[in-house]
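A.B. asks: Before I ask anything, here is the structure I am working with.
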Amino acid sequence: MSAWATQFQHSGDEEEQSDVYTIIPSSWRLRFAGAANISKEEHHLDSGNSAAPYLRDRSRVNHRPPSHVTVNADGTSKRIELNDMDIDACVPGYIQSDLLRAGILDKGSFHEGENELEYRWVAYSNWNYLGKFQLTAKHLRYGLFLELESVDTIADIFVNGHKLGQTDNMFRKYSLNLSGKAVEGENTIEVRLTSCLDYIAEKRKNSPYPYPLWEYPNGELDRPLIRKVGCHFGWDWGPCFVPVGIPGKITVMAFERVHVDYVNIQQEILHDLQQCRLKARFGGKCVEKFRGNLEEYKMNLRIESKEDATMVYQTTSYVNVEGTGHDIILEPEALVVPLSAIQLWWPHGHGDQPLYNLRYDVREISGKIVCTGQTTFGFRRVELVRVADGEPGSLLEAADEKNHLIKEISKKGESFYLKVNGRPIFCKGGNWIPADSLSVDPLPSLLHLQSARDANFNCIRIWGGGKYESEEFYDECDRLGLIIWHDLMFACSIYPADENFLRNVREEVKWQTNRLCHHPSVALWCGNNENEDALGIWDLCKSNRDRYVCDYHNLYDLNIEPTVRRQDPSTPFWPSSPTNGSQVWGNPQEFSRGDIHYWGVWHGNQPFTAFHKVLPRFCSEFGFQSFPSMMSLRDVVRNEEDYNLTSPAMEFRQRSPAAGNKCIIDHISREFRLPNKFSSLVYQSQILQALAIKCGCEHFRRLKPYCMGEIYWQLNDIWEGPSWSSLEYSGRWKMLHYFSKKFFAPVMVSALQVQDRTEIWLTSDLPTPLRGTLFIEVWSWNGSQPSRVVQVDINAPADCSRPVWSGITKNLTANFDERENFVHFYLEGQPGVDGRCKEISSNYHSFCTMKQVRLATPHIEVKREEGNGVTLKCNSPAPFTFLETETEGHFDDNGFLLLPNRARTICFKPHGENREEIKLEVRSLMDSY
């Protein structure tokens, strides 16, 4: 049965208002529409333009649909010809999910085993969606449009047998005019999806030359030829399902006069921080016969606190009207809001995140409301500051005079940092990839974002091989104070630059920037991921440099950048990542300017200390792999005999084979004694990852303000497999995520070995001076008490990074032995009202690799506490003490150094209500030997 919901609000009970209806098609069905036209030879084709052609073998990919399938419906199963299939479908949703629910994909969940290969035939097929919607005679008198939020990807759209149009970009919203095509009563809608792989094969045949790209194991070819999520074709951390479906909403809009589709809010907070000039632009559709009257309409604007609806500003003005045909843009006069009436939005750790609703209504001269609505935004000013070293604003003139690391750097570059509301922000965060290949549920993403904030992130980077996220995603970033470095969706490829492609991309960028620019969390637009860098790396690019540089320049410099700047001039634009700047060229990985991606430790197999030689202004990618927990692996690798690093099942899940498992084993052999079983290997891999990223993040923070950002690769996972993520696919925290809570904390103490000296550093992001006491303890790895304690009074300035203690390492204690001794150090604040001193930050430093350390068995005792608490005790130091449970949630600390005679009480925070006793497993490094 079809249904519709009216969506109109009256400003007052007695006021007359134009109607706006939202009709939601329902009763969706899915039918098979035939196999793609790709030949077997084309399926196994080597594109010849891959920059990394490893594992091209696609012989095991099941690319032909079955002739018969078994369908589960109404509690029964029946076997039918695939051509006769007619099953329920969910919109929004993906076809693969519909087929799994119906039992047609019958080999288990998407991620299990090698189902990625078994289920590929779905992407090599054509499909038809059929839905219905009801219209009244009243609806037919109004403006009537079919709106498709996102169709993935190549589709012809029909209503009542009439073709309305077609889609070829899943990142665009399509509005198709229903006038003359819709009827009173029941209407049918059909979305005929062509296999995107068939579409790409045809494009490839007609391309004037190849477009280089990175290829990935079990992946598909030539993703640059279609505007679709890049990682749908496989990546070096995820599967290749090539999803097909309708991931966005489909609605029918019926409106009497005007329908507003987006509100673009531009703001300029004046440098005296006394007032904000706010300019709003309202884009949408109008009924053409009323278009000439719009210049006479007035718009009422009202700004209210989202929290309590307190009105802070209101005004009325005439509107300027732009656009042609049904498309309109309404622009009222700019608002000038005194900042004394509002509160500024700040990144997490720098202030609160107050949000406001902008309510609007457009009225005829008679007072009748033509359209009304609201959008949420926050007041903030964001700037990308690039100033030559030595010039005011570069920050180096304000660098801590005691920071000898910065003094040793040649100052011949330029700054690169974000300034929010006049305050320089050191960005601390992770790279975001799509949370799932096939799900359209936003909830897992929102939980991941909460985990990011819980671990002291203030920033995420939405990576360019993924997608523009849901409205709920950006709302959550606004709420949590997570500023977004937002790539546009271009990554690791050279893209076409013909006029059809450019026109398509311009429309995509216009829509997405207009849709998202009102979010205060969106702080930077970036043109692409690593595509400028590729011009100087890939052989095909170097041998045809003029061709590909011209295409690059045309796409990004002449089309994307101007489009972004026109739609969202309030938000900084950065052309690529990494780069030196727009049309600066040169080496994009230059340390002294712009941002860099550093992969020497992982892909170069360098030791962790190689990070100390990297001196960037902003490091937007660096990472190290680990395996997900055994709980996650058991969901997809069912057989115990497969829990072996070189088993086919485990090698199948590794998508970075050039380094991959070999790199993990190499580093394990450098740092630890070999693990005693597979689960210990998984545990040690997570320690390795945490130590690697800790080494990099502590170093980059010590370089503040020369370096002003660190965004590690990567925050989240798309499936259960080895990757660089700190959150597993399920949302479970890896050891790295627990570590990030400490090295991203507003105040961090860290150790640096400088030849024969050991230094303890204090890094503070606080806007106020810090006073406290630093305690430095010298321990033996098999001792029960520190052999020496040094106490240092701390009186540090605001926003600093400096060494606060230094000593000759061999003089730390009598009979010092680098394999026997380590230092544990912690910073306490001044006494509170209760007279107690609170620990602000703690850390420890080993003088050799852990495999050289003479560890004793710590004999960890576990005592349950009331609620979800547990107290741990030991009789000798227990490094990397790690608690695990199958219950969804996380601990308030984990992966820590447990010291003897110092009980630690750890609390577990379940994601939902949990009334059962949590089953725990506790281990430390000694248990893995």
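The values are calculated or read from the model by the stated rules, or taken from the named source; none is laboratory data. Remember, it's a predicted structure, so these values are computed and weren't measured experimentally. Neighbour counts run over all protein chains shown; Cβ positions are idealised from the backbone, glycine included. These accessible areas exclude ligands, DNA and RNA; they are computed on the full protein's heavy atoms, side chains included. Shrake-Rupley method; radii C 1.70, N 1.55, O 1.52, S 1.80 Å.
A.B. asks: Ratio to report: Rg/Rh of the range 860-927, with Cα atoms as the point set and Rh obtained by the Kirkwood method; give two decimals. Write out the running numbers ahead of the final one.
C.D. replies: Working: Rg = 11.8 Å, Rh = 12.3 Å.
For the range 860-927, the value is 0.96.
A.B. asks: Percent of accessible area on the range 747-852 owned by carbon and sulfur, 1.4 Å probe?
C.D. replies: On the range 747-852, the fraction of accessible area on carbon and sulfur atoms equals 45 percent.
A.B. asks: Based on the alpha carbons, how large is the Rg to Rh ratio for the range 777-929 when Rh follows Kirkwood?
C.D. replies: 1.01
A.B. asks: Pairing the Cα long axis of helix 471-480 with the longest principal axis of the chain, what angle in degrees results, from 0 to 90 and rounded to the nearest 10?
C.D. replies: For helix 471-480, the angle is close to 40 degrees.
A.B. asks: Report, as a whole number in µm² per second, the diffusion coefficient that Stokes-Einstein gives for the range 69-127 at 37 °C and 0.692 mPa s using the Kirkwood radius over alpha carbon pairs. Intermediate results must be reported in sequence, preceding the final value.
C.D. replies: Numbers: Rh = 12.1 Å.
This corresponds to a translational diffusion coefficient of 271 µm²/s.
A.B. asks: Mind checking Rg over Rh on the range 208-266, alpha carbons, Kirkwood formula for Rh?
C.D. replies: 1.20
A.B. asks: Right, another one. Per DSSP helix of 4 or more residues, -39500 (n - 2.57); summed, then divided by the residues of the chain. What does that give at 222 nm, rounded to the nearest 500?
C.D. replies: Computed ellipticity for the chain at 222 nm equals -4500 deg cm²/dmol.
A.B. asks: Rounding to the nearest 10 and keeping the result within 0 to 90°, find how far the Cα-based axis of helix 678-702 lies from the longest principal axis of the chain.
C.D. replies: 90 degrees
A.B. asks: Once you have the Cα-Cα distance between R788 and S340, take 0.36 nm times their residue separation minus that, and quote the gain in nm to one decimal.
C.D. replies: 155.9 nm
A.B. asks: Based on the Cα atoms of the chain, what semi-axes does the equivalent ellipsoid have, where each is the square root of 5 times one gyration tensor eigenvalue, given in whole Å with the largest first? Show your work: numbers first, answer last.
C.D. replies: On the way: eigenvalues 457, 247, 146 Å².
Result for the chain: semi-axes of 48, 35, 27 Å.
A.B. asks: In addition: In the structure shown, do any of K613/K851; K402/K704; K173/K510; K279/K419; K428/K662; K613/K742 have a Cα-Cα gap over 18 Å, and if so which?
C.D. replies: Among K613/K851; K402/K704; K173/K510; K279/K419; K428/K662; K613/K742, the Cα-Cα distance tops 18 Å for K613/K851; K279/K419; K428/K662; K613/K742.
A.B. asks: Report the label-to-label distance for R902 and A798 in nanometres (one decimal), using points 7 Å from each Cα along the Cα→Cβ vector.
C.D. replies: Those two pseudo-labels are separated by 3.2 nm.
A.B. asks: When the accessible area of the range 257-377 is split by element with a 1.4 Å probe, what percent falls to carbon and sulfur?
C.D. replies: On the way: 2360 of 5410 Å².
The value for the range 257-377 is 44 percent carbon and sulfur by accessible area.
A.B. asks: Sticking with this one: May I ask you to evaluate 6.51 cos²θ - 1.76 cosθ + 1.60, the Karplus curve with θ = phi - 60°, for each residue of the range 705-712 and list the ³J(HN,Hα) values in order in whole Hz, giving x for glycine and proline?
C.D. replies: x, 4, 9, 10, x, 9, 10, 7
A.B. asks: Another question, if that's okay. 7 Å from Cα along Cα→Cβ at both S647 and E288: what's the point-to-point distance in nm?
C.D. replies: 6.6 nm
A.B. asks: May I pose another question? Can you quote the Å³ per residue value for the convex hull of the Cα atoms in the range 239-302, rounded to an integer? Mind dumping the intermediate values first?
C.D. replies: On the way: hull volume 12.9 nm³, N = 64.
For the range 239-302, the hull spanned by Cα atoms encloses 202 Å³ per residue.
A.B. asks: Please give every one of the lysines within straight-line cross-link reach of K163, meaning a C-alpha to C-alpha distance under 17 Å, and leave out same-chain neighbours fewer than 8 residues apart.
C.D. replies: Reachable lysines: K132, K181.
A.B. asks: Translational diffusion coefficient, Stokes-Einstein: compute it for the range 165-306 using the Kirkwood radius over C-alpha pairs as Rh, at 37 °C and 0.692 mPa s, and state it as an integer in µm² s⁻¹. Before the final figure, lay out the partial values.
C.D. replies: Details: Rh = 20.4 Å.
D, rounded to a whole number, is 161 µm²/s.
A.B. asks: With the other protein chains left in place, how much accessible area per residue, in square angstrom, belongs to the range 747-852 at a 1.4 angstrom probe?
C.D. replies: 47 Å²
A.B. asks: Over the Cα atoms of the range 257-377, what Rg and Dmax result, in angstrom?
C.D. replies: Expressed in Å, the Cα Rg and Dmax of the range 257-377 come to 15.5, 52.
A.B. asks: Starting from the Cα gyration tensor of the range 747-852, multiply each eigenvalue by 5, take the square root, and state the resulting semi-axes largest first in whole Å.
C.D. replies: Here the semi-axes work out to 26, 16, 11 Å.
A.B. asks: What aspartates and glutamates does K741 reach when the alpha-carbon gap must be under 17 Å and sequence neighbours fewer than 8 apart in one chain are set aside?
C.D. replies: D454, E698, E710, E728, D765, E839, D892, D893
A.B. asks: A further question on this structure: So what is the accessible area of the range 313-390 per residue, in Å², with the probe set to 1.4 Å?
C.D. replies: 40 Å²
A.B. asks: Could you tell me how many degrees, from 0 to 90 and to the nearest 10, lie between the Cα long axis of helix 499-516 and the main elongation axis, the longest principal axis, of the Cα atoms of the chain?
C.D. replies: 70 degrees
A.B. asks: Still on this structure: How much length is gained on full extension from S410 to W599, taking 0.36 nm per residue of separation minus their Cα-Cα distance? Write out the running numbers ahead of the final one.
C.D. replies: Details: separation 189, 0.36 × 189 = 68.04 nm, distance 2.28 nm.
Once the chain is fully extended between S410 and W599, it gains 65.8 nm.
A.B. asks: Further question on the same structure: What percentage of all Cα-Cα pairs in the range 635-766 are separated by more than 18 Å?
C.D. replies: Values: 5322 of 8646 pairs.
Across the range 635-766, Cα pairs with separations above 18 Å total 62 percent.
A.B. asks: Expressed as a fraction of 2.2 N^0.38 Å, the rule-of-thumb size for a compact globular protein of N residues, what is the C-alpha radius of gyration of the range 361-403?
C.D. replies: Taking the Cα Rg and dividing by 2.2 N^0.38 Å, one obtains 2.59.
A.B. asks: List, in order, the whole-Hz ³J(HN,Hα) value for each residue of the range 276-285 obtained from phi through the Karplus relation with A = 6.51, B = -1.76, C = 1.60 and θ = phi - 60°; use x for Gly and Pro.
C.D. replies: 10, 8, 10, 10, 10, 10, 10, x, x, 10
A.B. asks: I've got another one for you. In Å², and per residue, what accessible area does the range 445-487 have when probed at 1.4 Å with the other protein chains present?
C.D. replies: On a per-residue basis, the range 445-487 sits at 21 Å².
A.B. asks: How long is the gain from T136 to D557 if the chain were fully straight, where each residue apart is worth 0.36 nm and the alpha carbon distance is subtracted? It would help to have the intermediate numbers written out before the result.
C.D. replies: Values: separation 421, 0.36 × 421 = 151.56 nm, distance 4.84 nm.
Gain in length upon complete extension: 146.7 nm.
A.B. asks: In addition: Please report the antiparallel percentage of DSSP beta bridges with both residues in the chain, rounded to the nearest 5.
C.D. replies: Around 85 percent of the beta bridges assigned by DSSP in the chain are antiparallel ones.
A.B. asks: How big is the convex hull of the Cα atoms of the range 345-426, per residue, in Å³? Before the final figure, lay out each step's value.
C.D. replies: Numbers: hull volume 10.5 nm³, N = 82.
Taking the convex hull of the Cα positions in the range 345-426, it is 128 Å³ per residue.
A.B. asks: Oh, and also: For a quick size check, give me the Cα extents of the range 712-781 along its three principal axes, largest first, whole Å.
C.D. replies: 43, 35, 21
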